[in-house]
Amino acid sequence: MKKISLILLFTMLLGGAVMAQSKPNMKFEKTTHNFGNVQEKLGAVTTIFDFTNTGSSPLIINRVSASCGCTTPSYSKEPVLPGKKGQITVKYSTTGRPGSFNKTITIFTNVPDSLYVLTIKGNVIPKK
């Protein structure tokens, strides 16, 4: 009986270890972008955050949330296969927002127990 219990326990632990290794992972080339000084008259500035799925299963972005309405993120709704690249585009509206800014973008994925946070910052120079 003890042998059967040990075999069962070993099988469960081994199965859990295999399942834990079969997951996606998001690796960004950069997590912060500094726009520096930008003119308010531009209306908006945009940057792209490139990432790679360094895991062993498809990465799915469930949603992307910005810290305010002045920041608009967009992303591909298609799963990113292991080893493949993806992008998150972030647009910041400069209109009516002179002064410095520091905004965050939170990415919710199918990676267990993980949140990814991107940051944009800069300084909007007002119209004359």
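The table below lists the values:
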item	result
R0 of 30 Å, Cβ-Cβ distance Ile125-Thr104: FRET efficiency to nearest 0.05	0.85
Cα-Cα over 32 Å, subset of Lys41/Lys84; Lys84/Lys121; Lys77/Lys121; Lys103/Lys128; Lys91/Lys128	Lys41/Lys84
Förster radius 25 Å - calculated FRET efficiency between Ala44 and Asp113 (Cβ-Cβ, nearest 0.05)	0.15
Descending principal axes extents, the range 23-107, alpha-carbon based, whole Å	44, 20, 16
Carbon + sulfur, % of accessible area of the range 21-72 - ligands and nucleic acids excluded, 1.4 Å	45
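The values are calculated or read from the model by the stated rules, or taken from the named source; none is laboratory data. This one's a predicted model, so the numbers in the text were calculated from it and none came from an experiment. Virtual Cβ from ideal backbone geometry, glycine too; neighbours counted across all protein chains shown. Heads up: the accessible areas ignore ligands, DNA and RNA and are worked out on the full protein's heavy atoms, side chains in. Shrake-Rupley method; radii C 1.70, N 1.55, O 1.52, S 1.80 Å.
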